[in-house]
Amino acid sequence: MSFARELDAWPPERITALLDRAGPAEAERALGQEEPGPADLAALLSPAARPLLERMARRASAITRQHFGRTVTLYAPLYVSNVCGADCAYCGFSTAAGKGLRRRTLGPDEIARECDALAARGFRHVLLVSGDAPGQVTCGYLAEAVRIARARFPSVSIEVQALDGEEYRRLAGAGIEGVTLYMETYDRGVYAGVHRGGRKADFEGRLEALERAGMAGVRRLNAGALLGLAPWRIDGFRLGLHVRWLQRACWRSAVAVSFPRLRHVPEGFAIPCPVGDADLVQIMLALRLFLPEAGFTLSTREPAALRDRLVPLGVTLLSAGSVTRPGGYADAEEKVLAQFEVEDRRSPEEVARAIRRAGYDPVFKDFDRAFDAEPEIPGRERCGSS
Amino acid sequence: MDDTVLRIAGREFRSRLLLGTGKFPSAVALRAAIAASGAEIVTVALRRVDLERPEEEGILSAIDPERQLILPNTSGARTADEAVRLARLAAAAGLPRWVKLELTPEPRYLLPDPIETLRATETLVCEGFTVLPYIQADPILAKRLEEAGAATVMPLGAPIGSNRGLRTRDMVRIIIEQARVPVVVDAGLGAPSHAAEAMELGADAVLVNTAISDAEDPAAMARAFALAVEAGRLARLSGTAPERDRGQASSPLTGFLGAPGSAS
């Protein structure tokens, strides 16, 4: 059985019925559950839970501290390419959005320069990001990029197009820690409407990509829905089910969730289902109660003031000082197309200070070079038959 | 009351409370908790330590190597190979040649893999490491690790961070009864009473992290755990009276008859 079939068992009508059925009593009961089920998740996402946000927040904060401690790990995205054939209606990399600005794919020396610039800012976790460009950003290109980054960072993850199992196995062997891949929306109709070209139009291929990565040995899988494309309660519910599914199917992988919210979109595209701050908070809290052990990732799409308030609600991974165009760390001036407008423009040190003020420890290193598929470390002592 | 020191691999410790360092809000809070706990063994996740570029406010900065033994741990490792590599890297960087093996292939409950743990223990003992393996409360595994040369065994009370207490009590009791190396109950102890219970049961020491780091006042909670460990140890040495299902008068009702068989 695949997650696609599980997803088909949850059509919008079935989820909407659960949401509608949830009243104050159901929301209250869901909040008290030690192991909430799908009906509880719906109750926590429902309008009936809105008056309980403060209590949900307290519980979510306590659960997160228990599992992750008072720590938040910082990472930076490194855009290796802004070439993209997917042409997603909402994206800064889409054909319509990119007119007049350069598109480029970094070469090995440029990747090394970007890595050096990030390492000098204190980062030890880096996320390599590209558009959907299988022609330029091949598996071989990525393996080389990972090799360059691994020489400078203990933890290297990727956020690129959906790959096949063999490609994920090769990159796991090259030492990636994680794969981030957002489903964008779990609604097949909405998905088809906004993904107009490239391999990304293949809904099922994308839906099952994280499972392929987990089966290939990738240690951290980061799922997410692009909030704003479809009704958030329904996508949030299905995102929760997807993560639960991944936790069971890929039991060796840690599964994390991101909450990217559509804020700035290309001209001519209106956000179909806008998500307010309270909505964002509710989806985060509901999913924290449903998924106590999942890491929560928050990017610089959200403004500084809001990010500072969201940290204690369950965030465990935070990007900082992000630049969303290729080459932007080493060369701040070059006119190259960026994927999205960064709202939190603070430096990594400023973000770290804000985390400390909130009573948490900003962690730059939470992974080690020893955790990879390389068989040997030279110069070690050997004995016995091991 | 005559108590002997805790002896692990020939080294003596007065404190029977070991401290984990993973979840504290700052190096300052950690330093205060270490001081209040009196711990002489403090375990540090190698994945958090930047051996190439030590951070000024990193975990290691909170530990005084003159007073506390730094016990590197392999938290995050999924296989014996990874744990062995980590231990070697730490030793090469000058950390003590001691290692707390944590081999947890699944990230949700962080339960230890017995097979990989035994493999890693065999390799590292052979390379001269002092090995303290974190294990499920499995008495046979504990004996196998002891035979492989582990310096202690560290059975879990409940999953890491769960604060559920000594859920594995019956198996830990068997481990203690059979052990010829110190038994350190690790993981799941959520309150000082849980630590006291483990010590009353005969554990040689306990290791605590979340229950202290997540307390409103970590330093005060560290002190509370230290007192509980001492109380539990003292109770163990005092010979805890057996449980009964009914009350028993503390002044005998037939005392006036004199001792049975006496001349009066």
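Each reported figure results from applying straightforward, stated rules to the coordinates on display, with no laboratory input. What you see is a predicted model, and the numbers here were worked out from it, not measured in a lab. Every residue, glycine as well, gets a Cβ built from its backbone with ideal geometry; the counts of neighbours run over all protein chains shown.
With contacts taken as Cα pairs under 8 Å at a separation of at least 6 residues, chain A carries a relative contact order of 23 percent. Partner shielding of A:358-369 amounts to 6, given as the average count of beta-carbon atoms from other chains within 10 Å of each residue beta-carbon. Restricting segment B:209-244 to trypsin sites (Lys or Arg not before Pro) that sit in a DSSP loop and have at most 11 other Cβ atoms within 10 Å of their own Cβ leaves B:244. For segment A:21-108, GluC sites (Glu not before Pro) meeting the loop criterion (DSSP other than H, G, I, E, B) and having at most 15 other Cβ atoms within 10 Å: A:34. Charged side chains reduced to their Cβ positions (Lys and Arg at +1, Asp and Glu at -1) give chain A a dipole of some 540 debye around its Cα centre. Across the cross-link table entries A:365/B:100; A:200/A:365; A:200/A:335, which are compared at the Cα atoms, the separations over 25 Å belong to A:200/A:365; A:200/A:335.
Cα centroids of segment B:141-209 and segment A:1-54: 39 Å apart. Taken along its three principal axes, the alpha carbon spread of segment A:69-368 comes to 44, 44, 38 Å, from the longest extent down to the shortest.
Distance from the C-alpha centroid of segment B:37-78 to that of segment A:297-326: 28 Å, rounded to the whole angstrom. Overall, the protein assembly as shown carries a charge dipole of about 320 debye about its Cα centre when +1 sits on the Cβ of Lys and Arg and -1 on the Cβ of Asp and Glu, all other atoms neutral. Peptide B:101-113 shows a mean partner chain C-beta count of 3 within 10 Å per residue C-beta. In chain A, helices alone account for a calculated mean residue ellipticity at 222 nm of -11500 deg cm²/dmol, with every DSSP H run of four or more residues adding -39,500 (n - 2.57). Taking the helices alone, chain B has a mean residue ellipticity at 222 nm of -10500 deg cm²/dmol, built from -39,500 (n - 2.57) per DSSP H run of at least 4 residues and averaged over all its residues. Among B:79, B:240, B:130, the largest mean-square fluctuation in a Gaussian network model of chain B (Cα springs under 10 Å) belongs to B:240.
Can you list which of the trypsin sites (Lys or Arg not before Pro) found in segment A:186-215 are DSSP loop residues with at most 11 other C-beta atoms within 10 Å? When the trypsin sites (Lys or Arg not before Pro) of segment A:186-215 are filtered for loop state and at most 11 Cβ neighbours within 10 Å, nothing remains. Choose one answer from A:13, A:159, A:144: the residue with the largest mean-square fluctuation in a GNM of chain A with alpha-carbon springs under 10 Å. With Cα springs under 10 Å in chain A, the top fluctuation among A:13, A:159, A:144 is at A:13.
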